[in-house]
Amino acid sequence: MPTTSALLSVCVEVSTELAIALPSERAYASQDVNPALGLLAGAGAALVGGLAWAVLAVLTGRIYSVVAVGIGVLVAYAVKAGMGKVNLLGQALTALLTLGGVFAGQVFFVAHLIQSRTGTYNLPVALKVYLQVLQARPTTELATFFFALVGMALSLSVMRRPRFRSTVERV
């Protein structure tokens with residue numbers, strides 16, 4: 001059975017560890033959030049991810065829906081780096097920009113298909129054609145947007161607030 005002095009020693013150690021952990025948590029909580037920079041960085045990452053998606057599809061002649069997961073992770077890290085701190089707005093931006101990056105990749109690929117047939121690269125026409133495809137046969141895009149949702153879920157797991165833990169070590 002532990003003695004009173006041993007218990008008191010453990011309590012002092014725990015309170016010291018908590019006192020050390022609390023300033024870290026307070027420092028994180030006091031950081032400024034920059035949603036505009038997070039939006040800008042995330043939008044850039046979504047466009048780069050979408051463009052990489054389209055380039056891969058053009059080079060291989062296939063669309064790899066699993067690349068949507070990578071777009072989600074890329075966007076999450078960009079938003080987190082831009083904002084400086086994770087909050088609900090950052091999570092919402094990450095989710096929307098991930099879906100937007102996948103959508104942009106599809107539109108870029110359709111623009112390439114149109115360009116290969118007509119000789120002109122026209123994004124507004126590609127957008128219109130892709131929206132018509134989504135309306136006429138939405139099931140053709142189920143796998144793509146399923147992986148976009150997986151990417152979005154994975155990106156939201158990256159966009160969590162850090163956990164501050166204290167540990168107690170025996171002396």
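For segment 88-125, chymotrypsin sites (Phe, Trp or Tyr not before Pro) are listed when DSSP marks them as loop and at most 16 other Cβ atoms sit within 10 Å of their Cβ; the list is 121.
Quick one: ranking 64, 130, 77 by accessible area, 1.4 Å probe, largest first, what do you get?
Numbers: 64 95, 130 5, 77 130 Å².
Accessible-area ranking of 64, 130, 77, largest first: 77, 64, 130.
Normalised by the number of residues in segment 97-149, the mean separation of alpha-carbon contacts (under 8 Å, six or more apart) gives a relative contact order of 38 percent.
The values are calculated or read from the model by the stated rules, or taken from the named source; none is laboratory data. Computed from a predicted structure; not experimentally measured. FYI the Cβ positions are ideal-geometry reconstructions off the backbone, even for glycines, and counts take in every protein chain you see. We work out accessible area using only protein heavy atoms, side chains counted, and drop any ligands, DNA or RNA first. Shrake-Rupley method; radii C 1.70, N 1.55, O 1.52, S 1.80 Å.
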